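Chemist: Pasting a structure below so you can have a look.
The values are calculated or read from the model by the stated rules, or taken from the named source; none is laboratory data. Computed from a predicted structure; not experimentally measured. Because the Cβ atoms are built from the backbone with ideal geometry, glycine has one as well, and the counts that use them run over all protein chains shown. These accessible areas exclude ligands, DNA and RNA; they are computed on the full protein's heavy atoms, side chains included. Shrake-Rupley method; radii C 1.70, N 1.55, O 1.52, S 1.80 Å.
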Amino acid sequence: QELLVESGGGLVQVGGSLRLSCAASGRTFSSYHVGWFRQAPGKEREFVAAIGRSGGSTTYADSVKGRFTISRDNAKNTVYLQMNSLLPEDTAVYYCAADDAAFVNYRSSYAWDYWGQGTQVTVSS
């Protein structure tokens, strides 16, 4: 199974940028869909973005369209989330998730098999 580790979180001001990374240690990374979710204290985990096996298909939550970009480098076993124009509402722990099923309901946190430990993103106003 895939082991996932997120990195790149931190403290930024409104309008700033961060790039998160999700590094995988599995042998068949290119066969996995990968997604990003986030969870703020007292709130349920919500979908952020997802990318298909080849990187040609991407999906975004309405709240981040035009600001966030998901990409992957299968040669490096890594998926990225570039976050621009950050808002206080983006403050959360960000998790990456992976699944090798033929079809994944990207927007449901219950549909994903493997999860990383999370990385904190804090946007100050």
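Chemist: What number goes with the only condition from (1) more than 16 Å from residue 5 (Cβ to Cβ); (2) in contact (Cβ under 8 Å) with a residue 40 or more places away in the chain that residue 95 does not pass?
Modeler: (1)
Chemist: Just wondering, is there one or more residues in region 50-60 that are at pLDDT 95 or above, of a type in the set (A, V, I, L, M, F, W, C) and either within 20 Å of residue 3 (Cα to Cα) or not in a loop (DSSP other than H, G, I, E, B) (or both)?
Modeler: Checked against the condition, which is being at pLDDT 95 or above, of a type in the set (A, V, I, L, M, F, W, C) and either within 20 Å of residue 3 (Cα to Cα) or not in a loop (DSSP other than H, G, I, E, B) (or both), region 50-60 yields at least one hit.
Chemist: To continue, here is another question. Please determine, by comparing only the residues of region 30-57 that are of a type in the set (Gly, Ala, Ser) and open to solvent by 20 Å² or more (accessible area, probe 1.4 Å), which one is nearest to residue 124 (Cα to Cα). Spell out how you get there, then give the answer.
Modeler: Pass one, region 30-57, residues of a type in the set (Gly, Ala, Ser): 30-31, 35, 40, 42, 49-50, 52, 54-57.
Add one more test, that the residue is open to solvent by 20 Å² or more (accessible area, probe 1.4 Å), and what stays is 30-31, 40, 42, 54-57.
On the way: 30: 36, 31: 37, 40: 14, 42: 19, 54: 35, 55: 32, 56: 33, 57: 32 Å.
Once the filter is applied, the top-ranked residue is 40.
Chemist: Another question about this same structure. Those residues that are over 16 Å from residue 31 (Cα atoms) and among the aliphatic types (A, V, I, L, M), I need them from region 90-110; list them, please.
Modeler: 92, 93
Chemist: Taking the residues in region 1-29 that are out of contact with any Phe, Trp or Tyr (no Cβ under 9 Å at 6 or more places or on another chain), closer than 15 Å to residue 98 by Cα and open to solvent by 70 Å² or more (accessible area, probe 1.4 Å) as candidates, determine which candidate is modelled with the highest pLDDT.
Modeler: 5
Chemist: Could you list, ordered by first residue, the pairs with Cβ atoms under 7 Å in which the first is in region 18-32 and in contact (Cβ under 8 Å) with a residue 24 or more places away in the chain and the second is among the β-branched types (Val, Ile, Thr) and open to solvent by less than 30 Å² (accessible area, probe 1.4 Å), at least 6 apart or interchain?
Modeler: Taking only residues 6 or more apart or on different chains, the pairs are 18/12; 18/121; 20/119; 21/78; 22/34; 22/78; 22/79; 23/78.
Okay, residues lined up against (1) closer than 13 Å to residue 22 by Cβ; (2) among the β-branched types (Val, Ile, Thr); (3) touching a helix residue (DSSP H, G or I) at 6+ places or on another chain (Cβ under 8 Å):
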position	(1), (2), (3)
55	no, no, yes
60	no, no, no
63	no, no, yes
88	no, no, no
115	yes, no, no
120	no, no, no
124	no, no, yes
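Chemist: Among the residues of region 73-98, write down those that are open to solvent by less than 20 Å² (accessible area, probe 1.4 Å) and farther than 16 Å from residue 48 by Cα.
Modeler: The first filter runs over region 73-98 and keeps only residues open to solvent by less than 20 Å² (accessible area, probe 1.4 Å), leaving 78-79, 81, 83, 86, 90, 92, 94, 96-98.
Within region 73-98, just 78 meets the criteria.
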